[in-house]
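Visitor: Provided herewith is a single structure, encoded as structure tokens, for subsequent inquiry.
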């Protein structure tokens, strides 16, 4: 598994470097970036989606999948690594945001309470989870050209859908627990998505 | 000692094409050539061995074990070279290898560096800048750098100049020297096999033609030449393939000794090459 994760992050190294630079730059805008309509909650899912689909599309377009499946690893591990690397990337991005959040708090650059910050964290997780839960099986089940189009459409839809999620999970509705209920729902979706992906990948021919 | 590879009644339907009941056995210390015309099913068989596609029926055993449940352990012992270089073309050689090496328990960087030097490959070169022959060299360097017990190669010598083809053959001979490793390679260039193969497996249109030691094949098959008046039905039953021209016929027989005895005075018998055997068998009787 560690070889697969290493491969995944090695391929994404330029994207990850871009992520750090981009997020750091945006953070200069302080609470504009961190508040309830903040940019970060849209940026994190975008970057996670970009990273995950980048590796899959690269593998499919070069037929690297033939090499990958000839190496001493199992198909199940290949699929598991896709989900695990997406989760690690999400938390990596979140860590950057949290780092800035607490850093700014300590420096007194932002007020103690940025409206809807934690709501934004939940929204970013929900959108990232949805994108990953759909895009991975789509890439496995459909051909390279088809999955590219489906993922693109889904990404645009999710970006618009984020407005709905932001509204329902903002600081007013959060105490009602809407956002918190959605977190386990996303984990359940990811669990079933993984089952579908593993089954499809086991039958896939290269 | 256990067989390196044992394929038993392997079948696979693949669109309009079907591979039927392919069986052969490769023991340690030998090189097996895998021949057949385009579309015969060579690549399909190789993909089945590597579990890249699913078989419909039959059994494949590598090092005495089936792949299911032992895939990681088995593939750790296999070096592969494919006809197409499916590595990342926009990446440098060294970057591609960095992604591959951690998968193998016995990966040896020194061996890999030595092969790069031997093949005159620059690790800072991108794969897209390499010729087809250099890409094969790159794949071969990887396949030989993790102490694999079995080398599986799909058309490794096609697109290579005679000098490097000869070098590859020398490398393969060195590779099996200790008698514990084996090589299976598919090729169209049958002259390469005549130089180094111990066994030859021939498939045509998804069907098994033969799988036996090279010397027996070359003894059993022969080219037969004679006048058209000889070509009655009884005579044709001894032929695998036949060509007619204005002066007579030329055919391939799989019963060299029998033909020699029966038609000694009327026909000319010549030694058949593996290429003759492949061409006549694929062409059939026209």
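Visitor: Residues being touching a residue at least 12 places away in the same chain (Cβ under 8 Å) and part of a strand (DSSP E or B): count how many of those fall in the range B:232-267.
Guide: Residues in the range B:232-267 being touching a residue at least 12 places away in the same chain (Cβ under 8 Å) and part of a strand (DSSP E or B): 12 in total.
Visitor: With the checklist (1) surrounded by 14 or more Cβ atoms within 10 Å (Cβ to Cβ); (2) farther than 30 Å from residue B:29 by Cα in hand, flag the one item residue B:256 doesn't pass.
Guide: (2)
Visitor: Tally the residues that are farther than 19 Å from residue B:50 by Cβ and at the interface with chain A (Cβ under 10 Å from one of its Cβ atoms), restricting the search to the range B:102-118.
Guide: 1
Visitor: Just checking, which of B:52, B:10 is at the interface with chain A (Cβ under 10 Å from one of its Cβ atoms), under 21 Å from residue B:150 (Cβ atoms) and under 19 Å from the mean Cα position of the chain (by Cα)?
Guide: Among B:52, B:10, only B:52 is at the interface with chain A (Cβ under 10 Å from one of its Cβ atoms), under 21 Å from residue B:150 (Cβ atoms) and under 19 Å from the mean Cα position of the chain (by Cα).
Matching residues to (1) within 30 Å of residue B:152 (Cα to Cα); (2) assigned by TED's automatic domain parsing to the domain that holds residue B:150:
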residue	(1), (2)
B:208	yes, yes
B:229	no, no
B:239	no, no
B:243	no, no
B:270	no, no
B:276	yes, no
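Visitor: Considering only the range B:56-64, I want to know if a residue exists there that is over 18 Å from the mean Cα position of the chain (by Cα) and facing another protein chain (nearest Cβ under 10 Å).
Guide: No: zero hits.
Visitor: Next question, about the same structure. Search the range B:144-166 for residues that are within 12 Å of residue B:183 (Cα to Cα) and pair each with any residue that is modelled with pLDDT of 85 or more and part of a loop (DSSP other than H, G, I, E, B) when their beta-carbon atoms are under 6 Å apart and the residues are at least 6 apart or on different chains.
Guide: Filtered contacts from the range B:144-166: B:148/B:77; B:149/B:77; B:149/B:181; B:150/B:4; B:154/B:82.
Visitor: Filter the range B:13-24 for residues that are surrounded by 15 or more Cβ atoms within 10 Å (Cβ to Cβ) and touching a strand residue (DSSP E or B) at 6+ places or on another chain (Cβ under 8 Å); which is farthest from residue B:150 (Cα to Cα)?
Guide: Per the stated criteria, the residue is B:18.
Visitor: Check every one of the helices (runs of 4 or more DSSP H) wholly within the range B:84-182 and list those with 3 or more residues that are under 25 Å from the mean Cα position of the chain (by Cα).
Guide: Passing ranges, in order: B:109-118, B:132-143, B:162-176.
Visitor: Determine which single condition residue A:72 fails, assuming it passes every other condition in (1) free of Cβ contacts under 8 Å to residues at least 60 places away in the same chain; (2) within 14 Å of chain B (Cβ to nearest Cβ); (3) surrounded by 18 or more Cβ atoms within 10 Å (Cβ to Cβ).
Guide: Status for residue A:72: all satisfied but (3).
Visitor: Answer yes if at least one residue in the range B:196-213 is farther than 21 Å from residue B:49 by Cβ and either loosely packed, with under 15 Cβ neighbours inside 10 Å or at pLDDT 90 or above (or both), and no otherwise.
Guide: No, there is no match, as no residue in the range B:196-213 is farther than 21 Å from residue B:49 by Cβ and either loosely packed, with under 15 Cβ neighbours inside 10 Å or at pLDDT 90 or above (or both).
Visitor: Which of the residues spanning the range B:46-74 are touching a residue at least 24 places away in the same chain (Cβ under 8 Å) and either more than 16 Å from residue B:15 (Cβ to Cβ) or outside the structural domain of residue B:19 (by TED's automatic domain parsing) (or both)?
Guide: Matches in the range B:46-74: B:46, B:49, B:50, B:57, B:58, B:59, B:60, B:61, B:62, B:63, B:64.
Visitor: If you go through the range B:25-43, how many residues are surrounded by fewer than 22 Cβ atoms within 10 Å (Cβ to Cβ) and either under 14 Å from the mean Cα position of the chain (by Cα) or within 14 Å of another protein chain (Cβ to nearest Cβ) (or both)?
Guide: Counting residues in the range B:25-43 that are surrounded by fewer than 22 Cβ atoms within 10 Å (Cβ to Cβ) and either under 14 Å from the mean Cα position of the chain (by Cα) or within 14 Å of another protein chain (Cβ to nearest Cβ) (or both) gives 6.
Visitor: If residue B:192 satisfies every condition in (1) more than 30 Å from residue B:119 (Cβ to Cβ); (2) crowded, with 16+ Cβ neighbours inside 10 Å; (3) modelled with pLDDT under 85 but one, which is the exception?
Guide: (1)
Visitor: I've got another one for you. Between B:277, B:203, which is in a helix (DSSP H, G or I), closer than 30 Å to residue B:167 by Cβ and in contact with a helix residue (DSSP H, G or I) (Cβ under 8 Å, 6 or more places away or on another chain)?
Guide: Exactly one residue qualifies, and that residue is B:277.
Visitor: Within the range B:68-95, can you find the residues that are within 30 Å of residue B:39 (Cβ to Cβ), out of contact with any strand residue (DSSP E or B) (no Cβ under 7 Å at 6 or more places or on another chain), surrounded by 14 or more Cβ atoms within 10 Å (Cβ to Cβ) and more than 8 Å from chain A (Cβ to nearest Cβ)?
Guide: B:85, the sole residue that qualifies.
The values are calculated or read from the model by the stated rules, or taken from the named source; none is laboratory data. Quick caveat, the model's predicted, so the values are computed rather than measured. All Cβ positions, glycine included, derive from the backbone under ideal geometry; neighbour counts span all protein chains shown.
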